[in-house]
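First up is the structure itself, then whatever we jot down about it.
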Amino acid sequence: MTIERYSECRLPTEYGVFRVIAYREASNPNEHLAIVAGDVEGKAEVLARAHSECLTGEIFHSLKCDCREQLDLGLRRIADAGEGVLLYLRQEGRGIGLGDKIRVYQMQQKGHDTVDANRILGFPDDARRYDMAAFMLKDLGVRSISLMTNNPSKVDGLRKDGVVVAKRVPHLVEPHEVNRGYLETKRARMGHVYDLGEDGVVTAPLQVSYDPSVLLDAE
């Protein structure tokens, strides 16, 4: 795999000013970003998030997931800490791509949860890879990270691809009526960790009271 670091800028945002560095992989049209606050070179246990693109949630504000809220929270926590890195990875739909993600959503409209919808269409539960994340962190001089995630499998995936994850940091956002079934599926079937604590995220089965026939995206 040939990766190139090819552009950089200073980006003012509503959370603060970040340094944004773009990377691209040969023969792959997707471009990935490292969004950096402070001086992370040579540092250990850098506050970090490996965030996979979610166009439906982040751009169109879909209520099916919590991706946009997790992205916002990650940037806010890094800005508040004054130091950290968010890796924005272009691997839509847990690695299957945007079009196939929409196909999965169509299966969910028929009553299948996010796991079974993937499997029915022949996709793995999670097809993401993290070798790009490993390259970006090495290029930035980051020795190890404190990873903001509720997904222990992401910790394992990053470590498998060469990232030194010193610890997992819970990254909890408030569920809402529409995405509760989705979050419960991730907890029950994909091993995500939601603690019942000050963030108010419940681990007990979540009751969904909306009408799936109206929203057309039940999970």
Across (1) closer than 19 Å to ASN30 by Cβ; (2) touching a strand residue (DSSP E or B) at 6+ places or on another chain (Cβ under 6 Å); (3) of a type in the set (Val, Ile, Thr), VAL169 clears everything bar (1)
Considering the range 1-32 alone, what residues qualify as being modelled with pLDDT under 90, outside any strand (DSSP E or B) and surrounded by 12 or more Cβ atoms within 10 Å (Cβ to Cβ)? ASN28, ASN30
Under 6 Å between Cβ atoms, which residue pairs at least 6 apart in sequence (or on different chains) link something in the range 111-129 that is in contact (Cβ under 8 Å) with a residue 40 or more places away in the chain with a partner that is of a type in the set (Lys, Arg)? VAL115/ARG189; ASP126/ARG94; ARG128/ARG94
Per the list (1) more than 20 Å from LEU147 (Cβ to Cβ); (2) in contact (Cβ under 8 Å) with a residue 60 or more places away in the chain, residue check on HIS32 breaks on (1)
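The values are calculated or read from the model by the stated rules, or taken from the named source; none is laboratory data. The structure displayed is predicted, hence computed values, not measured ones. Here the Cβ is made from the backbone with ideal geometry for all residues, glycine too, and neighbour counts use every protein chain on show.
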